[in-house]
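Heads up: the structure comes next, in structure tokens.
The values are calculated or read from the model by the stated rules, or taken from the named source; none is laboratory data. What you see is a predicted model, and the numbers here were worked out from it, not measured in a lab. Ideal geometry is used to build each Cβ from the backbone, glycine not excepted, and the neighbour counts take in all protein chains shown.
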């Protein structure tokens, strides 16, 4: 199974890598956004902002315009012109700063991990939170925000709120059950979760980036509910 996944990845990605090697003077195996995400991720933090990093594509581009002395009327975008070289410069600057503050940045990554896992309570800055609690005020028109139907909607919202707070414990319990039942398949599913939680928190992240991880955690939470090994 692992060999099939690896072979499929090579077949899917190889044409893009070959195209980049032929077309661009500076070879890049990716789309050239790693540096931008690292740079803007530092711009989320107070320490990063104190050292000139800033969050936002347009703001980052304007900083580069000023540094290079380009005129204000020159067309400038994140990836144009010379986007590959500029992204490598962003990467080098960001990594140099991270190397100077490794323990601090580990704390930043752990905070992002918590934000990606948090599905209940107040939203986390920059990451936000997934979904909203269903209430009659949020989901119904003003004319329907009273009576039995609105009461039923609010009741569903209360149940949903409890389930959201139980989500992570259920997912952890379901993961334990799934590993006992089939550790190989569980590890395949865990690859995506670990990818978003570890490499994915090294740079700027948003809740929309981690929806696949939440989908897989829901599968493991279902294993926590399941009755019997075969049901999981």
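Set side by side, the residues 12, 42 differ, and just one is modelled with pLDDT of 85 or more, under 21 Å from residue 209 (Cβ atoms) and over 20 Å from the mean Cα position of the chain (by Cα), which is 12. With respect to residue 156, is the statement that it is in a helix (DSSP H, G or I), within 30 Å of residue 42 (Cβ to Cβ), in the same structural domain as residue 112 (by TED's automatic domain parsing) and touching a residue at least 12 places away in the same chain (Cβ under 8 Å) true? Against the criterion (in a helix (DSSP H, G or I), within 30 Å of residue 42 (Cβ to Cβ), in the same structural domain as residue 112 (by TED's automatic domain parsing) and touching a residue at least 12 places away in the same chain (Cβ under 8 Å)), residue 156 does not qualify. Which residues, taken from region 190-207, are surrounded by fewer than 15 Cβ atoms within 10 Å (Cβ to Cβ) and out of contact with any strand residue (DSSP E or B) (no Cβ under 9 Å at 6 or more places or on another chain)? Within region 190-207, 191, 194, 195, 198, 199 meet the criteria. Would you be able to say whether some residue in region 68-81 is assigned to a helix (DSSP H, G or I), within 25 Å of residue 23 (Cβ to Cβ) and touching a residue at least 24 places away in the same chain (Cβ under 8 Å)? No, that holds for no residue.
Hey, any hits in region 116-138 for a residue that's closer than 27 Å to residue 172 by Cα, assigned to a helix (DSSP H, G or I), touching a strand residue (DSSP E or B) at 6+ places or on another chain (Cβ under 8 Å) and assigned by TED's automatic domain parsing to the domain that holds residue 194? For region 116-138, residues closer than 27 Å to residue 172 by Cα, assigned to a helix (DSSP H, G or I), touching a strand residue (DSSP E or B) at 6+ places or on another chain (Cβ under 8 Å) and assigned by TED's automatic domain parsing to the domain that holds residue 194: absent.
Restricting region 139-187 to residues that are modelled with pLDDT under 85 and touching a helix residue (DSSP H, G or I) at 6+ places or on another chain (Cβ under 7 Å), the residue that is nearest to residue 218 (Cα to Cα) is 139. Annotation note: Cβ proximity below 7 Å between a residue of region 85-105 that is farther than 11 Å from residue 203 by Cβ and a residue that is outside any helix (DSSP H, G or I) (sequence gap 6+ or interchain) occurs for 85/26; 87/32; 87/33; 97/51.
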